[in-house]
Amino acid sequence: MFTDQLKQAIEDEYKAYHFYKSMYALTTDPYWQDFIQHIYEDEKSHYEMFQQLYYMMTGTFVQNPKKPLPCYNLKECVKKSLADELESVETYKEMLLTIPFQQAYNPLFIAMHDEMEHAIRFSTMYNAL
């Protein structure tokens, strides 16, 4: 179960990274660009941490995650992203309760904390757009 959830998390982080990178191009406001860049860099870090954890558990990496369609409407994409980030917090909270070994704790805790921060940033953006 944990391994399946981790695999899904890897795929979700990969998709989020690419989706948020496409959002970055939809604004010229340096304030929002900074928010978005911070978020997509975190998502890349989560993807890499989770891949490493998955490799520790299985001896393989999750191969060829699919890229999402790019973002075309910033406000709608921010709204979707806010919901996705909050959903990720719940997923990582559940996964923390079933970690199979201690090394899995830190990456999950970091990602869960970052996703909460991302939700705050996206909520701020959504309310201002």
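The values are calculated or read from the model by the stated rules, or taken from the named source; none is laboratory data. Computed from a prediction, not measured in an experiment: that's the story for all the values here. Backbone-built Cβ (ideal geometry, glycine too); neighbour counts: all protein chains shown. Heads up: the accessible areas ignore ligands, DNA and RNA and are worked out on the full protein's heavy atoms, side chains in. Shrake-Rupley method; radii C 1.70, N 1.55, O 1.52, S 1.80 Å.
Note on Met56 and Leu96: the model spin-label points, each 7 Å out from Cα along the C-beta direction, lie 1.7 nm apart.
To the nearest 20 debye, what charge dipole does the chain have about its Cα centre, counting +1 at the Cβ of each Lys and Arg and -1 at the Cβ of each Asp and Glu? Intermediate values should be presented prior to the final figure.
Details: 11 positive and 19 negative charges, 67 e Å.
Approximately 320 debye in magnitude.
Find the percent of Cα-Cα distances in the chain that exceed 25 Å, and round it to a whole number. Within the chain, distances greater than 25 Å cover 23 percent of Cα pairs.
Calculate what fraction, in whole %, of the accessible area of the chain sits on carbon and sulfur atoms when a 1.4 Å probe is rolled over the protein chains.
54
Please list Lys7, Lys67 in order of solvent-accessible area, largest first, computed with a 1.4 Å probe with all protein chains present.
Details: Lys7 85, Lys67 135 Å².
Highest to lowest solvent-accessible surface, that is Lys67, Lys7.
Glu94 contributes about 100 Å² of solvent-accessible surface, heavy atoms of the protein only, 1.4 Å probe. Based on DSSP H segments of at least four residues, each scored -39500 (n - 2.57), the chain has a per-residue ellipticity at 222 nm of -27000 deg cm²/dmol. Note on Tyr105 and Ser123: the extension gain reaches 3.8 nm, defined as 0.36 nm multiplied by sequence separation minus the Cα-Cα distance.
Taking a ≥ b ≥ c as the square roots of the Cα gyration tensor eigenvalues, with a/c under 1.5 meaning rounded and otherwise prolate when a/b beats b/c, else oblate, which class fits segment 78-129? Don't skip to the end; give the middle numbers.
On the way: a/c = 4.92, a/b = 2.76, b/c = 1.79.
The shape class here is prolate.
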